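All remarks here apply to the structure that follows.
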Amino acid sequence: MTLTKHIAPPIALALALTAGAAAAAELPPLREVKEIDQNMLWAGLAVEVSDECPTIEVKKLKGVSFLWGLKNKASSMGYTDDEIRAYVESDSEEARIRRLGEAYVRQAGFDPKTPEGLCAFGEAEIARGSIIGSFLRSTK
């Protein structure tokens with residue numbers, strides 16, 4: 001399952017409910033806006049953990065609220081709905097975020113390619129109270 005299948009619907013809903021934003025001036029690509037891109041990484045990691053780990057669930061309402069907040073933040077910075085949608089639905093951005101996520105999990109000492117590694121990573125993130133952990137709930 002791809003990250004955009006989980007992330008794109010809430011963002012698409014936010015786009016549908018939000019009036020168009022003002023035309024963007026010379027803005028960097030959203031992938032270069034750390035406060036957006038880094039938070040998309042955290043959300044994507046939480047979704048991946050919940051998809052692959054049978055003992056961890058994602059807190060859906062919290063996740064949707066968080067993604068709406070990111071959408072609103074990007075809009076307030078001057079990004080158009082089309083620019084936001086292009087970023088969220090981009091296959092190349094999804095692949096880049098996936099690579100960053102795998103590297104992050106490996107750096108934390110876990111295997112990002114196995115359910116066991118992702119479960120251990122998710123439990124560790126919950127225990128340390130990280131942003132990623134705040135999106136997750138252990139069902140053990």
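FYI, it's all coordinate maths here, none of it is from the lab. Computed from a predicted model, the values in this text were never measured in an experiment. Using ideal geometry, Cβ is built from the backbone for each residue, glycine included, and neighbour counts are taken over all protein chains shown.
Treat the count of other C-beta atoms within 10 Å as a stand-in for reagent exposure and order F110, F135 from fewest to most.
Starting with the residue having the fewest Cβ neighbours, the order is F110, F135.
Given the C-alpha centroids of the range 26-75 and the range 83-133, what is the distance between them in whole angstrom?
10 Å
So for Y104, Y87, fewest C-beta neighbours within 10 Å to most, what's the order?
Y104, Y87
At what distance in nm do the modelled label points of V64 and A108 sit from each other, each positioned 7 Å from its Cα along Cα→Cβ?
The modelled label-to-label distance comes out at 2.5 nm.
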